[in-house]
1. Would you mind calculating the relative contact order of the chain from Cα pairs under 8 angstrom and at least 6 residues apart, reporting the percent as a whole number?
2. From the backbone phi of the range 16-21, what are the Karplus-calculated ³J(HN,Hα) couplings (6.51 cos²θ - 1.76 cosθ + 1.60, θ = phi - 60°) in whole Hz, Gly and Pro given as x?
3. When the scattering of the chain is computed by the Debye formula from its Cα atoms alone, each counted once and equally, what is log10 I(q)/I(0) at q = 0.08, 0.16 Å⁻¹?
4. Please enumerate, by chain and number, the lysines with C-alpha under 20 Å from the C-alpha of Lys188, excluding those fewer than 8 residues away in the same chain.
5. For the range 6-73, state which GluC sites (Glu not before Pro) are in a DSSP loop and have at most 13 other beta carbons lying within 10 Å of their beta carbon.
6. Among Cys108, Cys35, what is the fewest-to-most ranking by other Cβ atoms within 10 Å?
7. In whole angstrom, how far apart do the alpha carbon centroids of the range 17-47 and the range 102-130 sit?
8. Pick from Gly176, Gly25, Gly107 the residue whose mean-square fluctuation is largest in a GNM of the chain, springs joining Cα atoms under 10 Å.
Amino acid sequence: MIETIRRAVSESLHLKNSFFSANEGRIAALAREICQAMEQGRKILLFGNGGSAADAQHIAAEFVGRFRLERRPLAAIALTTDTSILTSVSNDYGYEQVFARQIRALGCGGDISIAISTSGNSPSVLLGAAAAQELGMVTVALTGSDGGKLGGMARYHLNVPHPSAARVQEIHITIGHILCELADEYFK
């Protein structure tokens, strides 16, 4: 058991160090774009499935509440939280439409779309990202492995090139935390 713990921690730390060294400029640019959009009254729409849905909810909560510093609430909505919308859209249009339909209802040009998928190939996430593109939203993709189809659909693609969904998700939530911390500093 101890060896498994040590291996998991070592792998996670190594991946975080290499990922953030390679992507710190891209994350800073994204944070600036998010903060400028929020200053103009725009919002963030976040979505994903499974653990990525949980990450979307977690990140949205940090923007609306606060992360570390007191600041005004920032408009962020996780498209994974309204069970009536999720079940009605899934039932009436198919699960693949669950995010696209919400983006078309809630999004507009200049808003930020954050699509999260460890594979980069989830049909519901791909259709959501396509709807965000159609509306002229700033598109962000958090992916793993080779980035899948989603990577090529985003203005900001933050890909964690690792096959383990767990390791990828650890970095995705760290990206979210860093974006929230930078927003805290910007709006304090």
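Readers should treat all values here as calculations from the given coordinates under stated rules, not as data from a laboratory. Keep in mind that this is a model prediction, so the values were computed, not measured. Note that each Cβ is placed from the backbone with ideal geometry, even for glycine, and that neighbours are counted across all protein chains shown.
1. After rounding, I find 22 percent.
2. Each residue of the range 16-21 in turn: 4, 4, 5, 5, 6, 4 Hz.
3. Treating every Cα as an identical point scatterer, log10 I(q)/I(0) equals -0.24, -0.95.
4. Lys43
5. Working: sites: Glu11, Glu24, Glu33, Glu39, Glu62, Glu70; in loops: Glu70.
Loop-located and lightly packed - Glu70.
6. Placing the least packed residue first, the sequence is Cys108, Cys35.
7. Here the two parts' Cα centres lie 16 Å apart.
8. Its mean-square fluctuation being the largest, the pick is Gly25.
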